[in-house]
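Data first, discussion second: the structure below is written as structure tokens.
What follows draws every value from the coordinates through simple rules; no lab data is involved. Computed from a predicted model, the values in this text were never measured in an experiment.
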Amino acid sequence: MNSLHRLHRATPAIAALFAVAAFAACNNGASTLPSITLPSFSVPSVEASLGLSGSGLTGCVDPATFAILGQLQQQGADVPTLINQNKPALIAGLQAFQPPDTATGTWRDQLVTALQNNDTATAAAKIQMLVSGEVALTTC
């Protein structure tokens, strides 16, 4: 990267620094700007963005794993491809998941084993259990 390109990228930061310094020098450290109140808003959860909120889900899966599982449940999803693309993240997330009951724990263990053994058909069948409501999860 040449020095002209670096200077061009740094110019906005340098200008902001000079503006802050000039403002502080002119105001002797005391701000004369009026305070403003920013409106609060809620950020939709991963659950809501996947259209799963209010579905009576139980459990506690980390948001990243929950998002992958949500993608796998979408109508028309290419489940084998998504499983293969996200296998390491799914395995890690599911292994960290503490199921709320024995049935969910068994489901998780079987899905992790299928992923580790590259058994995409069994993994897809376990994902189908989420789609059909046999297993229910939510994000932490």
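A few notes on this one:
- Gain in span if fully extended, residue 110 to residue 131, counting 0.36 nm per residue against the direct Cα distance: 5.9 nm
- Contour minus Cα-Cα distance for residue 60 and residue 78 (0.36 nm per residue): 4.0 nm
- Inverting the pair-averaged 1/r between distinct Cα atoms of segment 76-140 gives 12.0 Å as its Kirkwood hydrodynamic radius.
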